[in-house]
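Taken together, the values in this text are just the output of simple stated rules run on the coordinates, not laboratory data. Model, not experiment: these values are computed from the prediction. All Cβ positions, glycine included, derive from the backbone under ideal geometry; neighbour counts span all protein chains shown.
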Amino acid sequence: AAGVDYTSYMQFPSASLAVEVENDRLCISGLSNGERAKFTFRQGLPAASGETLAKDVEITGYVRDRTPSVSFPSRAYVLPKTTNAALPIESVN
């Protein structure tokens with residue numbers, strides 16, 4: 001729900017991790033690909049239905065490695081007629 005500070009309902013293994021709300025999901029940011037971490041959802045975490053979490057729940061999460069790729073972020077480019085023309089490229093290795 002809007003206006004709820006979910007940070008107080010989460011326990012992370014590192015202070016560099018943070019929780020963000022994205023539509024109907026809680027997203028944990030700050031993890032790297034190939035990383036495994038344990039999170040604790042604390043008692044009282046509110047649900048959309050109005051219910052709350054009855055007790056602490058520990059979950060082990062894993063962020064899979066991404067498949068290597070190289071791509072253009074869009075399909076429509078018009079290059080200027082100059083010597084400094086460039087195309088943006090996204091890469092994952």
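Summary of values
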{"read-out": "Residue-wise HN-Hα coupling along segment 61-70, computed from phi with Karplus coefficients 6.51, -1.76, 1.60 (Hz; x: Gly, Pro)", "value": "x, 9, 9, 5, 5, 8, 5, x, 7, 9"}
{"read-out": "Magnitude of the charge dipole, the chain, Cβ model with Lys/Arg +1 and Asp/Glu -1, debye to 20", "value": "360 debye"}
{"read-out": "Proximal charge balance of residue 7 [Cβ under 14 Å; K/R count +1, D/E count -1]", "value": "-1"}
{"read-out": "Nonlocal amide H pairs with residue 10, under 5 Å, H built at 1.01 Å", "value": "42"}
{"read-out": "Correct choice for Cα extents along the principal axes in Å that was computed from the model, options (i) 60, 29, 18; (ii) 35, 28, 21; (iii) 63, 29, 21", "value": "(iii)"}
